[in-house]
1. On a C-alpha basis, how far is the centre of the range 64-124 from the centre of the range 157-228 in Å? Whole number, if you could?
2. Starting from the Cα gyration tensor of the range 166-214, take the square roots of the eigenvalues, sort them a ≥ b ≥ c, and report rounded, prolate or oblate (rounded when a/c is under 1.5, otherwise prolate if a/b is larger than b/c, else oblate).
3. Using alpha-carbon pairs under 8 Å, 6+ residues apart, how would you state the relative contact order of the range 1-71 in percent?
4. For the range 134-228, what % of the accessible area comes from carbon and sulfur atoms, probe 1.4 Å?
5. Efficiency by 1/(1 + (r/R0)^6): what FRET value for Q225 and R161, r their Cβ-Cβ distance, R0 = 30 Å, to the nearest 0.05?
6. Within the chain, what percent of beta bridges assigned by DSSP are antiparallel, to the nearest 5?
7. Could you give the accessible area per residue of the chain, probe 1.4 Å, as a whole number in Å²?
8. Quick check on the chain: take the gyration tensor over C-alpha atoms, sort the square-rooted eigenvalues as a ≥ b ≥ c, and tell me if it's rounded (a/c under 1.5), prolate or oblate.
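The values are calculated or read from the model by the stated rules, or taken from the named source; none is laboratory data. Note that this is a predicted model, so its numbers are computed, not measured. Using ideal geometry, Cβ is built from the backbone for each residue, glycine included, and neighbour counts are taken over all protein chains shown. These accessible areas exclude ligands, DNA and RNA; they are computed on the full protein's heavy atoms, side chains included. Shrake-Rupley method; radii C 1.70, N 1.55, O 1.52, S 1.80 Å.
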Amino acid sequence: MEIRRELHLVRLAFGQAYLWHEAGALTLVDTGIATSGDEIAEAIGRLGLRTQDVRRVVLTHYHEDHCGGAAAVAAWGEAEVLAHRAEAPVIRGEVPAPPPAFTEEERALHRSLGAHLLPPAPPCRVDRELEDGDLIAFGGGARVVATPGHTPGSIAVHLPRAGVLFTGDTVAHVGGQVMPGVFNLDREELLRSFRRLAELDAQVACVGHGDPITDARAALQKAAQATL
């Protein structure tokens, strides 16, 4: 799904990823589950590009439906893998990920989605450990926004010149409703991060689950107000 000329949503068997295409090079934001590599490769082919054209992979957090395909993608060529420093040890397989602090409703939802059956993410190298405010060289300058709460080192990536915001799982868009993400390590911290994203100037918000949000700033501000 093309959202704007440079930006493409890749719908996967479970979850989704995004491709940013400029000057013949690709940036991949998140990678789906461990079996998603072939699906992403097919999406790249439909753009008339090659897997070797992926120059960087940005992982918003360590959950298996976002970083599961990273090891396969990293093996395609010389792509640089980027993640927040707090996520990197989990992504590399050095330490286990702490489980979310499920509410009872979330525990039932997690099971109904089959998320407990997802294959574990194979360990993947992290070439660059990110911090809040770091810049990534795509989209006219992509700024890292730390959004802890869903996981300790969850990030969003804001492209001010393009008006695009990649939110990871801090934001969800389900049934037309914009809402804070679920399955969090710390919901109160997640809500603070959600409100931070609502302050950013973005025309399109690319969420971890659900369709991208248009008129994003207004939609996020309205949703953030409801959390107060």
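1. Here the two parts' Cα centres lie 20 Å apart.
2. Here the range 166-214 falls in the oblate category.
3. Result for the range 1-71 is 31 percent.
4. Details: 1910 of 3840 Å².
The computed percentage sits at 50.
5. Numbers: r = 27 Å, r/R0 = 0.90.
Calculated value: 0.65.
6. The answer is about 65 percent antiparallel.
7. Working: 10130 Å² over 228 residues.
So the chain comes to 44 Å² accessible per residue, rounded to a whole number.
8. Details: a/c = 1.44, a/b = 1.15, b/c = 1.26.
It is rounded, given that a/c, with a ≥ b ≥ c, falls under 1.5.
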